[in-house]
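Take a look at the structure set out below.
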Amino acid sequence: MIELLRKRRSVRKFKEKSIESEKIEILKEAVLRAPTSRNIMPWEFIFVTDKDKLKKLSEAKQHGSAFVAGAPLAVVVCADTDRSDVWVEDCSIASIILQLTGLEHGLGSCWAQIRNRKHNESESAEEYIKNLLGIPEHFAVENIIALGYPDEEKEPVPYSALSLEKIHMQKF
Ligand SMILES: Cc1cc2nc3c(=O)[nH]c(=O)nc-3n(C[C@H](O)[C@H](O)[C@H](O)COP(=O)(O)O)c2cc1C
């Protein structure tokens, strides 16, 4: 795991190549193995490979989601907020598991934040995606994770660049 973490970077440029169905099945298994508070599993995952939908997802907000259009796969992570008060944590854990499992299988990925973001002055990014994908009203959309074969090379962050001052021992 530490070797994966050492090379993990956000990837926003993807090759045209689609992701093999066996790998997509592994990604589905991975998110369903994510731990959740009280084992409630409030999340749902919408796997999107349709080009037209990917383009529309990329327009969910004005900045920071354009890269979704160039990905062969986007996973929209949403949750039934009536079922858990810690759905944000549950969705976030599943999201990083998805990203790291992708990386283990040669896939780059990037998180596009949707919760608390605007589509435009009158509509939230969340409402826009709920309308686009038919997500029920009482659900919340946390993010979109775009995945694909990387078409950009990013240097790993060297150990010397880590914010070691963020680590405290015994007290702050
Ligand atoms: C909660 C969260 C929200 C993020 N939202 C976006 C986003 O909306 N658009 C984007 O391009 N990157 C987004 N990112 C990726 C970060 O910009 C990226 O992880 C950070 O700059 C560090 O770069 P690295 O992942 O290559 O180490 C998000 C990451 C996290 C964890």
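The values are calculated or read from the model by the stated rules, or taken from the named source; none is laboratory data. On a predicted model such as this, the values are computed, not experimentally measured, just so you know. Cβ sites come from the backbone with ideal geometry, for glycine too, and all protein chains shown count toward neighbours. The accessibility values were calculated without ligands, DNA or RNA, using every heavy atom of the protein model including side chains. Shrake-Rupley method; radii C 1.70, N 1.55, O 1.52, S 1.80 Å.
Could I get the Rg over Rh figure for the stretch 87-167? Both from C-alpha atoms, Rh via Kirkwood, rounded to two places. List each step's numbers first, then the result.
Details: Rg = 16.1 Å, Rh = 15.1 Å.
Rounded to two decimals, Rg over Rh is 1.07.
For the charge dipole of the chain, defined by +1 on Lys and Arg C-beta atoms and -1 on Asp and Glu C-beta atoms about the Cα centroid, which residue among Gly70, Phe139, Trp87 has the Cα displaced farthest towards the positive pole?
Positive-most Cα among the choices belongs to Gly70.
Only Lys, Arg, Asp and Glu count, each charged at its Cβ (+1, +1, -1, -1), so figure out the dipole size of the chain about its Cα centre, rounded to 20 debye.
Result for the chain is approximately 500 debye, rounded to the nearest 20.
Through the Karplus equation 6.51 cos²θ - 1.76 cosθ + 1.60, θ set to phi - 60°, convert the phi angles of the stretch 36-45 into ³J(HN,Hα) values in whole Hz; use x for Gly and Pro.
Calculated HN-Hα couplings, in order: 9, 4, 6, 6, 6, 6, x, 7, 9, 10 Hz.
Restricting to the chain, compute how many DSSP beta bridges are antiparallel as a %, nearest 5.
Of the beta bridges lying entirely in the chain, close to 95 percent run antiparallel.
Give me the three principal axis extents of the chain from the C-alpha atoms, as integers in angstrom, largest value leading.
45, 42, 35
Given contacts defined as C-alpha pairs under 8 Å and at least six residues apart, what's the relative contact order of the chain, whole-number percent?
32 percent
Mind checking the per residue accessible area of the chain for me, 1.4 Å probe, whole number of Å²?
59 Å²
How big is the stretch 1-83 by the Kirkwood estimate over distinct Cα pairs, in Å?
14.8 Å
Please sort 45-52, 125-132 by packing, taking for each peptide the average over its residues of neighbouring beta carbons within 10 angstrom, highest first.
125-132, 45-52
Return an integer: the convex hull volume of the alpha-carbon atoms of the stretch 41-98, in Å³ per residue. It would help to have the intermediate numbers written out before the result.
Working: hull volume 5.4 nm³, N = 58.
Dividing the Cα hull volume of the stretch 41-98 by its residues yields 94 Å³.
So what is the 222 nm mean residue ellipticity for the chain from helices alone, if each DSSP H run of at least 4 adds -39500 (n - 2.57) and you divide by all residues, rounding to the nearest 500 deg cm²/dmol?
Details: 5 runs with 53 residues, N = 172.
When only DSSP H runs of four or more count, the value is -9000 deg cm²/dmol.
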